[in-house]
Amino acid sequence: MDLIRNLAAPATKEKEVVKTATFVAPQFHVILLDDDNHTYDYVIEMLVEVFGHSQETAYRMACEVDASGFVVVDTTHRDRAELKCEQIKSYGKDWRIGNCPGSMSAIVEVET
């Protein structure tokens, strides 16, 4: 009789516990470096065009880079950060300054 009860009872499975880990990709800062070879107008125009910042945000960043020597202009994933850094470096000379040697400098650093 016990054999018949065991056969008739539905089979139960143990619940399998699956643990998942979420990977959070590190973020990277695009850092614009100051120099004396570009005007505020150049910096503002470049930040608006390359990053889509508003005039007000770009002006604030231009003031900060002038005062402190650098400013974080974007924080994003690695590929976009490297692209934006290259766009800054290839933006071109400031036509307002006759002896402007070329584009501004920028670096990419991992966010800490």
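Read-outs throughout are calculated quantities, based only on the coordinates presented, and are distinct from any laboratory measurement. As the structure is a prediction and not an experimental result, all values here were calculated from the model. Positions of Cβ are backbone-derived with ideal geometry, glycine not excepted, and every protein chain shown enters the neighbour counts.
Figures for the structure shown
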{"item": "Angle between the chain longest axis and helix 55-68 axis [Cα atoms, degrees, rounded to 10]", "result": "80"}
{"item": "Label-point separation, residue 16 to residue 105 (7 Å along Cα→Cβ), nm", "result": "5.6"}
{"item": "222 nm mean residue ellipticity, helices alone, for the chain (DSSP H n ≥ 4; -39,500 (n - 2.57); rounded to 500)", "result": "-12000 deg cm²/dmol"}
{"item": "Unit Cα scatterers, Debye sum, the chain: log10 I(q)/I(0) for q = 0.21 Å⁻¹", "result": "-1.11"}
{"item": "Viscosity 0.692 mPa s, temperature 37 °C, Stokes-Einstein D of the range 43-87 from Kirkwood C-alpha radius, µm²/s", "result": "304"}
{"item": "Mean shadow area of the range 51-112 over all directions, Cα convex hull, nm²", "result": "4.9"}
{"item": "Eligible aspartates and glutamates near residue 19 by straight Cα distance, threshold 16 Å, same-chain separation 8 or greater", "result": "none"}
{"item": "Rounded FRET efficiency, nearest 0.05, which uses the C-beta distance separating residue 82 from residue 60 and R0 of 22 Å", "result": "0.35"}
{"item": "Check: the chain dipole with +1 on Lys, Arg Cβ and -1 on Asp, Glu Cβ, in debye", "result": "760"}
{"item": "Among 40, 95, 107 - extreme Cα towards positive end, dipole of the range 25-110, charges at beta-carbon", "result": "107"}
{"item": "Euclidean distance between Cα centres, the range 29-62 to the range 63-112, Å", "result": "8"}
